[in-house]
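One structure below.
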Amino acid sequence: MKILFVYPEIPITYWGFQYALKFVSKKAGYPPLGLLTVAALFPEHYEKRLVDMNVSKLKDKDILWADYVLISAMAVQQESVRTVINRCHELGRKIIAGGPLFTSDYEEYDDVDYLVLNEGELTVPAFVRDLEKGVAQHIYTTQEWADLRSTPVPLWNLIDFKKYATMNIQYSRGCPFNCDFCNVTTLYGHVPRTKDTAQLLKELDSLYNAGWRGGIFLVDDNFIGNKKKLKQEVLPALTSWMQEKKYPFYFFTEASINLADDEELMQMMVKAGFNTVFIGIETTNEESLVECNKLQNKDRDLIKCVKKIHSFGLQVQGGFIVGFDHDNATVFEKMVHFIQESGIVTAMVGLLNAPKGTKLYRRLAKEGRLIDNFSGNNTDYSINFIPKMDKNLLVKGYQHIVETIYSPHRYYERVFKFLNEYKPAEFMAIKKLNFCHLKALVKSIIHLGLLGPERFYFWKLILWSLLKRPKLFPLAVTLCIYGFHFRKVFSQLHQ
């Protein structure tokens, strides 16, 4: 049996980092972890190939080689998904599909031969058994949650490591919170499920033995969902592993703002090699926090929390949303002020949308306010429901936020603030610059220091970093490149 695993193309987006990747000569930020894991669930004797359309073209001969083409995707990839499906139909190959897009919106893909939905640990084995017997059904689904201790090590041999800027692994699924706009709990449940510590280290061993050195994104939607296990088992073991291997990796992940309440946990994370966390701030409007059930963010000084996390050696990347029913015309300038004061350099601001399966989607459907499908792109100026605020005012206010915070003056102002307050662990400083880093530096000097509208701010930051915080120089250059990417994304969307 020959299976071709296909990861459709991601359009140019905020988190796609397509413009930033050119500075380091990489094709994509991360490999398709879901597909690599699903591939390991298929029998070993199957022939397997993978085409990530973000790093290489999908050719007709690739499709014709396979007995079946298996696609996994997120909502943002739906345009590319439709192209792949049509090509498979034209070439006479049967399609297997799964992942978040198909699980949430399977009704839209009735022309797919086999829909293997929900968590693959449960549905893939059942599908394979039926496929080998010649009695495969159209849809495989389950209401149960998988035991992550049964999750195999991803098949890293299916990818070319040199094409990617960062690797990724998963430790847990699920989130204890219940924000009404988020589909994480719909897809993965409220109770965080985790892998065993030995299992996590085995996955790190697999990357280490494959020669990977550098960043690893733990894709958990809330890494600190089970703090007790992290403190008692996982982080101590991870720290020992990293110290033994002389810190070959650095980690970043997603967490909730209550991380700021636990100094011991922050210290342990940094000691284990973490240097960045993405946190959903969403809004500074207390009424909007109640509206969307983001109660973990309510009644706290969010700027103080962010600065505290920075001071412990973890850079905060933040998610922000405008368009809640309780938002008014003052929300835009307040958000600009918050982002600038907090020193959150990577501040993703998006218009509120309602993904299928969320409480927000069900409420808006009941109110008759849904008007479109969710694009999956957090920053493309689209909104799939009728907002309470005048839509033109909302979009114009949103545009004001992103144009302001990513203008060279405001962006570099934020970088300075962050780097002045950030206190990374000594062992996390880069030991030596490799060729990839040097290429990025040269390209940044050309594109940002000589040609870009930000060149004055660029040189001011570079010289300051070299003289005042030399250990943060690589991070300073990285943030300059990120700013270039973010400006390009928003400027192109507004054209």
Quiz item: So which of Glu333, Glu263 is open to solvent by 20 Å² or more (accessible area, probe 1.4 Å), more than 30 Å from Tyr398 (Cα to Cα) and of a type in the set (D, E, K, R)?
Solution: Glu263
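Going by what's in this entry, would Gly343 be described as touching a residue at least 12 places away in the same chain (Cβ under 8 Å) and in contact with a Leu (Cβ under 9 Å, 6 or more places away or on another chain)? Reasoning before the result, please.
Values: touching a residue at least 12 places away in the same chain (Cβ under 8 Å): yes; in contact with a Leu (Cβ under 9 Å, 6 or more places away or on another chain): yes.
In short, yes.
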Quiz item: Residues Lys431, Lys423: which one is touching a Ser or Thr at 6+ places or on another chain (Cβ under 8 Å), over 30 Å from Ala75 (Cβ atoms), basic (Lys, Arg) and modelled with pLDDT under 95?
Solution: Lys423
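Kindly establish whether Lys59 is surrounded by fewer than 19 Cβ atoms within 10 Å (Cβ to Cβ), basic (Lys, Arg) and out of contact with any strand residue (DSSP E or B) (no Cβ under 7 Å at 6 or more places or on another chain). Lay out the reasoning, then the answer.
Working: surrounded by fewer than 19 Cβ atoms within 10 Å (Cβ to Cβ): yes; basic (Lys, Arg): yes; out of contact with any strand residue (DSSP E or B) (no Cβ under 7 Å at 6 or more places or on another chain): yes.
Taking the combined requirement at face value, the residue satisfies it.
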Quiz prompt | Tally, over segment 79-122, of residues that are aliphatic (A, V, I, L, M) and outside any helix (DSSP H, G or I) | solution = 8
Quiz item: Of the residues that sit in segment 132-170 and are open to solvent by less than 20 Å² (accessible area, probe 1.4 Å) and over 30 Å from Ser25 (Cβ atoms), which one is farthest from the chain's Cα centre (by Cα)?
Solution: Tyr140
Practice problem: Please work out which residue is least open to solvent (accessible area, probe 1.4 Å), limiting yourself to segment 171-211 and to residues that are among the basic types (Lys, Arg) and under 23 Å from Gln143 (Cα atoms). | Solution: Lys195
Quiz item: Are there any helices (runs of 4 or more DSSP H) wholly within segment 379-495 with 3 or more residues that are open to solvent by 10 Å² or more (accessible area, probe 1.4 Å) and under 30 Å from Lys356 (Cβ atoms), and if so which?
Solution: 391-405, 473-493
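Conditions tested, residue by residue: (1) farther than 24 Å from Phe324 by Cβ; (2) among the charged types (D, E, K, R).
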residue	(1), (2)
Ala260	no, no
Phe274	yes, no
Glu287	no, yes
Glu291	no, yes
Leu295	no, no
Asp299	no, yes
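Return the only residue of Phe223, Phe252, Phe217, Phe177 being aromatic (Phe, Trp, Tyr) and modelled with pLDDT under 95. Walk me through it before giving the result.
Working: Phe223 fails: modelled with pLDDT under 95; Phe252 fails: modelled with pLDDT under 95; Phe217 fails: modelled with pLDDT under 95.
Being aromatic (Phe, Trp, Tyr) and modelled with pLDDT under 95 holds for just one of Phe223, Phe252, Phe217, Phe177, which is Phe177.
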Practice problem: Give segment 155-194 a look and list any residue that's in contact with a Ser or Thr (Cβ under 9 Å, 6 or more places away or on another chain) and polar (S, T, N, Q), or say none. | Solution: Gln170, Ser172, Asn178, Asn183, Thr185, Thr186, Thr194
Quiz prompt | Failed criterion for Met348 (all others in (1) touching a Gly at 6+ places or on another chain (Cβ under 9 Å); (2) over 23 Å from Ser256 (Cβ atoms) hold) | solution = (2)
Quiz prompt | Within segment 72-95, tally of residues that are in contact (Cβ under 8 Å) with a residue 40 or more places away in the chain and open to solvent by less than 50 Å² (accessible area, probe 1.4 Å) | solution = 8
Self-check item: Extreme residue, surrounded by the fewest Cβ atoms within 10 Å (Cβ to Cβ), among residues of segment 272-307 that are under 23 Å from the mean Cα position of the chain (by Cα) and charged (D, E, K, R)
Solution: Lys307
Quiz item: Out of (1) at negative phi; (2) open to solvent by less than 10 Å² (accessible area, probe 1.4 Å), what's the single condition that is false for Lys229?
Solution: (2)
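Okay, residues lined up against (1) among the hydroxyl-bearing types (Ser, Thr, Tyr); (2) at positive phi:
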site: His337; (1), (2): no, no
site: Glu341; (1), (2): no, no
site: Thr346; (1), (2): yes, no
site: Leu352; (1), (2): no, no
site: Gly357; (1), (2): no, yes
site: Leu364; (1), (2): no, no
site: Arg369; (1), (2): no, no
site: Asn373; (1), (2): no, no
site: Asp380; (1), (2): no, no
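The values are calculated or read from the model by the stated rules, or taken from the named source; none is laboratory data. What you see is a predicted model; the values in this text were computed from it and never measured. Here Cβ is always computed from backbone atoms with ideal geometry, including for glycine, and neighbour counts include all displayed protein chains. Remember, those area values only see protein heavy atoms, side chains included, never the ligands or the DNA or RNA. Shrake-Rupley method; radii C 1.70, N 1.55, O 1.52, S 1.80 Å.
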